[in-house]
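Trainee: Got a structure for you, questions after.
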Amino acid sequence: MYCTMNTADRLGNLIDPDGFYFLPVKNNEQKEVLMMKKNKWLIVLSAIGIHICIGSVYAWSVLTKPIMQAMGFTLQETTWTFSLAILFLGLSAGFLGSYVEKHGPRRSGLVSTVFFGLGMFGTAFALSQHSLPLMYLFYGVIGGIGLGTGYITPVSTLVKWFPNNRGLATGLAIMGFGFASLIAGPVMQLLIAKYGLINNFIILGCIYMIVMTASSLYLEPPKAAPVTEAKAKLASVPAATQTQYTVNEAMKTWQFYALWWIFFTNITCGIGLLAVASPMAQEVIHMTPLAAASMVGIIGLLNGLGRIVWSTISDYIGRRNTYILFFLIEIAAFYLLASVSDSFLFQALIFLIITCYGGGFSCMPAYLSDLFGTKQLSAIHGRILTAWGLAGIAGPLLLSWIKETTNSYSITLYFFSGCFVLSLLIAVILKLKTQKSM
């Protein structure tokens, strides 16, 4: 197989669209091509395996009432468990990204497995002891570290396997995180009804550890392989090169902080809307609780679909244009949502916003690789994910504070629309100031 379009890694070697490294050879003993034993689509499946397990955190709302009823905890006390998990997801991703780059996806995936599994089993113990602090420790802190490590583990690897389709590759994995609640929610309800709340965490913990261990053991970046003289000549053809940044170098650029802000804004407003979608639908357009619950289910589906659809689109129109499009849509959608009273339009606007919310997650790793290369992508992506940890607390708190102060959702939605105006300006500046086509 001869490649007609190649990209170059930081050493100047060529990579074909399937992710094989081609190295020039100098003697007859190196003329055979070493075929990769790893299947790149199984690599994708392994990444999805990890993300669909840790993404079950998005089904936390299914556990809220059972925990409150069994333990006597308040809604605020129970919800803080989820907020802590998202906070430590962002913090661990930010500080353990360098560990992922240094030790590779296999070891970091196993580390994620241990922490997330311990978080599940520890939560079962905490509930058996009726201990709120232990639940915060195991599910929020320890489980959150497993979330963050697992989230960034496959990203850099997938980008290297799919150098010409970075958006598609990362979108496939991160799609699993978005879809997870659709699977985990019903499974949790079934397990709680049949085996009880505590056994639910034990059973799921065992399943997650098996799936995540198998997925982690298969994950591996593409290896350099000797090639024939024909491909050696091809490798000598000049190829487009890209500056490869370390995480410290990336953090010294204004582009990094611009991306951090637009990521933070997109998550803060999106997760704030997710937190109140059901009660807002019941209060504003008088949906029944059952209809509102159905709407939330569709939101979970579109959250996942938005990740793969938008990331694929970004491979064609570029990441810069994709984020500009996100913010144009969200400015209009949040503004209209503040005054809409029609049920169909209300749901359509929310669904549109959620696809952009999900797409913002899946397009970000590819955007980072466009700007900073793949040398330390996991570490750089991890630093950006600190925005998620902070937004997971800021979004719901900001929305609830404005709602309680003004007794209206409209002011919050107008405020979110204004936030996206600033993000749009930053996204346009990024497009104008960055020269490389994305």
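Trainee: When the helices in the chain are scored as -39500 (n - 2.57) per DSSP H run of 4 or longer and the sum is shared across all residues, what 222 nm value do you end up with, to the nearest 500 deg cm²/dmol? Don't skip to the end; give the middle numbers.
Mentor: Numbers: 17 runs with 327 residues, N = 438.
Helices in the chain give a 222 nm mean residue ellipticity of -25500 deg cm²/dmol.
Trainee: Let me ask you something else. Rounded to two decimal places and with Rh computed the Kirkwood way over Cα pairs, what is Rg over Rh for the chain? Please report the intermediate quantities before stating the final value.
Mentor: Numbers: Rg = 22.4 Å, Rh = 22.5 Å.
With Rh from the inverse mean 1/r over Cα pairs, Rg/Rh is 1.00.
Trainee: In segment 348-368, whose amide N lies under 19 Å from the spot 7 Å out along Cα-to-Cβ of residue 317? List them in ranges.
Mentor: It comes to 349-368, nothing else.
Trainee: Which of these, 191, 385, 204, has the largest mean-square fluctuation under a Gaussian network model of the chain (Cα springs below 10 Å)?
Mentor: 191
Trainee: Please compute the per residue accessible area over segment 275-414 with all protein chains in place, 1.4 Å probe, rounded to a whole number of Å². Mind dumping the intermediate values first?
Mentor: Details: 5020 Å² over 140 residues.
Per residue, segment 275-414 has 36 Å² of solvent-accessible surface.
Trainee: Would you please state the base-10 log of I(q)/I(0) at q = 0.30 1/Å for segment 315-367, with intensities from the Debye formula using one equal scatterer on every alpha carbon?
Mentor: Debye output, listed in q order: -1.13.
Trainee: May I ask you to give the solvent-accessible area per residue for segment 33-172, in square angstrom, as obtained with a 1.4 angstrom probe?
Mentor: On the way: 5150 Å² over 140 residues.
Ligands and nucleic acids excluded, the result is 37 Å² per residue.
Trainee: Let me ask another. Give me the accessible area of residue 44, 1.4 Å probe, in Å² rounded to the nearest 10.
Mentor: Answer for residue 44: close to 10 Å² accessible.
Trainee: With the full set of protein chains in place, find how many percent of the accessible area of the chain is carbon and sulfur; take the probe as 1.4 Å. Display every interim value, and only then the final one.
Mentor: On the way: 12160 of 18350 Å².
Exposed carbon and sulfur together represent 66 percent of the surface.
Trainee: Can you compute the charge dipole magnitude of the chain about its Cα centre, using +1 on each Lys and Arg Cβ and -1 on each Asp and Glu Cβ, nothing else charged? Give it in debye, rounded to the nearest 20. Could you put the intermediate results ahead of the total?
Mentor: Values: 26 positive and 16 negative charges, 205 e Å.
Around 980 debye, computed over the chain.
Trainee: Given the options 255, 347, 69, which has the most mean-square fluctuation in a GNM of the chain, springs set between C-alpha atoms less than 10 angstrom apart?
Mentor: 69
Trainee: Once each part is reduced to its C-alpha centroid, what is the distance from segment 337-363 to segment 179-218 in angstrom?
Mentor: 29 Å
Trainee: May I ask for the angle, rounded to the nearest 10°, between helix 386-406 and the longest principal axis of the chain, with both axes built from Cα atoms and the value confined to 0 to 90°?
Mentor: Compared with the principal axis, the helix lies near 30 degrees.
Trainee: Within segment 358-384, name every residue whose backbone N is under 17 Å away from a label modeled 7 Å from Cα of residue 328 along the Cβ vector.
Mentor: 360
Trainee: From the residues 286, 149, 159, which one has its Cα farthest along the dipole of the chain in the positive direction, the dipole being from +1 and -1 charges on Cβ of Lys/Arg and Asp/Glu about the Cα centre?
Mentor: The residue sitting farthest along the positive end of the dipole is 159.
Trainee: Rank 93, 123, 110 by how far each Cα sits towards the positive end of the charge dipole of segment 34-123 (+1 on Lys, Arg Cβ; -1 on Asp, Glu Cβ) and give me just the farthest.
Mentor: Of the listed residues, the answer is 110.
Trainee: Using only the heavy atoms of the protein chains and a 1.4 Å probe, how would 330, 220, 283 rank by accessible area, largest first?
Mentor: Details: 330 0, 220 30, 283 100 Å².
Ranking 330, 220, 283 by accessible area, largest first, yields 283, 220, 330.
Trainee: How many angstrom lie between the C-alpha centres of segment 53-118 and segment 263-318?
Mentor: 21 Å
The values are calculated or read from the model by the stated rules, or taken from the named source; none is laboratory data. On a predicted model such as this, the values are computed, not experimentally measured, just so you know. Don't worry about glycine lacking a Cβ; one is built from the backbone with ideal geometry, like all the others, and counts go over all protein chains shown. To get the accessible areas, we keep the full protein, side chains included, count just its heavy atoms, and leave off ligands, DNA and RNA. Shrake-Rupley method; radii C 1.70, N 1.55, O 1.52, S 1.80 Å.
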